[in-house]
1. Read through the list (1) out of contact with any His (no Cβ under 8 Å at 6 or more places or on another chain); (2) among the β-branched types (Val, Ile, Thr); (3) outside any loop (DSSP other than H, G, I, E, B), then give the number of the only condition that residue 181 fails.
2. How many of the residues making up region 109-150 are in a loop (DSSP other than H, G, I, E, B), within 30 Å of residue 51 (Cβ to Cβ) and among the polar types (S, T, N, Q)?
3. Would you confirm whether any residue within region 216-239 is surrounded by fewer than 22 Cβ atoms within 10 Å (Cβ to Cβ), in contact with a helix residue (DSSP H, G or I) (Cβ under 8 Å, 6 or more places away or on another chain), part of a helix (DSSP H, G or I) and modelled with pLDDT under 95?
4. Take the conditions hydrophobic (A, V, I, L, M, F, W, C) and in contact (Cβ under 8 Å) with a residue 24 or more places away in the chain and apply them to residue 216. Does it pass?
5. For region 315-327, check the following and say yes or no: at least one residue is part of a loop (DSSP other than H, G, I, E, B) and among the aromatic types (Phe, Trp, Tyr).
6. So if I check each of 304, 314, which one is modelled with pLDDT of 95 or more, farther than 30 Å from residue 225 by Cβ, surrounded by fewer than 19 Cβ atoms within 10 Å (Cβ to Cβ) and not aromatic (Phe, Trp, Tyr)?
7. Can you tell which of 274, 296, 268 is out of contact with any His (no Cβ under 7 Å at 6 or more places or on another chain), at pLDDT below 95, open to solvent by less than 60 Å² (accessible area, probe 1.4 Å) and under 18 Å from residue 154 (Cβ atoms)?
8. Of the residues in region 89-110, how many are under 23 Å from residue 66 (Cβ atoms), open to solvent by 40 Å² or more (accessible area, probe 1.4 Å) and of a type outside the set (Gly, Ala, Ser)?
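The values are calculated or read from the model by the stated rules, or taken from the named source; none is laboratory data. Owing to the predicted nature of the structure, the values given are computational and were not obtained by experimental measurement. Note: ideal-geometry Cβ built from the backbone for every residue, glycine included; neighbour counts use all protein chains shown. All accessible areas refer to the heavy atoms of the entire protein, side chains included, with ligands and DNA or RNA removed. Shrake-Rupley method; radii C 1.70, N 1.55, O 1.52, S 1.80 Å.
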Amino acid sequence: MNKVQSFFSEIQGRISLMEKTVLFIGGFNQDIQTVPSFRAVQGDSVPGHISITTGGVARNIAENCSRLGLNSSLFSLYGDDSSGAVILKETAKSGVNTEHCLCIEGEQSCRYSAFIDEKGEMLYGVNEMSLMNKMTPALMESKKEILEHSDVLVLDANLPEETLGYLNRLYSGKTLFIDPVSAAKIGKLKGNMGSSCVIKPNVIEAEKYAGLRILVEDDYYRAMNAFLSDGISQVYLSAGSQGIYYSDGQNKGKMGAVPLRINSVTGAGDAASAALVLSVILKLNMIESAFLANLAAGSSLLCSQSINSELSLSYLLNLCKEYQYESKLS
């Protein structure tokens, strides 16, 4: 058995013995993805494919974690409309515990629409997430027992700013993994993260948070230092085709991406976040964590949907072998 096989075998064995629970708090919505069959022309209509699936950053990370073997529960809100019923049912089918999801009468479920180009790259996305404003500190207080009995909290910046601050203050003794969601929302995190937090921004989000442009190699580390200066324990900066940069102030580096052909970029960040959540729980080092995150992102890049239904640790091992990625761990 080589080093990579031993790595995955050990992870699988540790997960099978694990009793820790992870609570995911944040985005839970209907995803609409539009992909043209060929290059679209502004002001004109082109044939293509429009898909409607279940989404939301926190929800998607939860499903990916469930597929990787973690005990995952989602705490979020949905409306009493037809899409709410669908996203609740589909999430439960994926293996995520949805008993803590609450239906809000008279409200519309959250929605997100992504426009993808013919190469699989996202042009832009539009979100309608106003229901998340009801995820208040008072609601968190009413769910105190659930929060206290969860070993790890995974939050996304769809939550109100005051709720992010409340959770960071009250549960600073727990590991908090935070996904910024977008550059428009990362500002909520300023002053609302502490030493128990691990974060995974992308380049646009990191630039916004740090107030700089990432143009050369050193800029990645300067951007990560902005997070570390605010007391965050670990930063994993997702740089797309460049891979993942990482730093905890003492250890830093870059893990190159898996060299594969992209089908769609939608969902790759959520898959990477799920692998990082698993890594944090297992206390993997940053090199191992970035390695696993890149493989998880690669599994999403290969499929047209936001979540690869084949995702598992054995799938990631096979992916590693197929694309000769083993050397990254040596």
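1. (3) is the only condition that residue 181 fails.
2. At the first step, the residues of region 109-150 found to be in a loop (DSSP other than H, G, I, E, B) are 109, 117-121, 129, 135-136, 143, 149-150.
Still in the running and within 30 Å of residue 51 (Cβ to Cβ): 109, 117-121, 129, 135.
Filter once more, keeping what is among the polar types (S, T, N, Q): 109.
Summing the residues that are in a loop (DSSP other than H, G, I, E, B), within 30 Å of residue 51 (Cβ to Cβ) and among the polar types (S, T, N, Q) in region 109-150 gives 1.
3. No.
4. Working: hydrophobic (A, V, I, L, M, F, W, C): yes; in contact (Cβ under 8 Å) with a residue 24 or more places away in the chain: no.
So residue 216 does not fit the description; no.
5. First pass over region 315-327, keeping only residues part of a loop (DSSP other than H, G, I, E, B): 323-325.
Going one step further and asking which of them are among the aromatic types (Phe, Trp, Tyr), we end up with 323, 325.
Scanning region 315-327 turns up at least one residue that is part of a loop (DSSP other than H, G, I, E, B) and among the aromatic types (Phe, Trp, Tyr).
6. Exactly one of 304, 314 is modelled with pLDDT of 95 or more, farther than 30 Å from residue 225 by Cβ, surrounded by fewer than 19 Cβ atoms within 10 Å (Cβ to Cβ) and not aromatic (Phe, Trp, Tyr), namely 314.
7. Answer to the selection: 268.
8. In the first step, residues of region 89-110 are kept if they are under 23 Å from residue 66 (Cβ atoms); the result is 89-103, 109-110.
Filter once more, so that each one left must be open to solvent by 40 Å² or more (accessible area, probe 1.4 Å): 89-90, 92-93, 95, 97, 99, 102-103.
Those still in the list that are of a type outside the set (Gly, Ala, Ser) too: 89-90, 93, 97, 99, 102-103.
Counting residues in region 89-110 that are under 23 Å from residue 66 (Cβ atoms), open to solvent by 40 Å² or more (accessible area, probe 1.4 Å) and of a type outside the set (Gly, Ala, Ser) gives 7.
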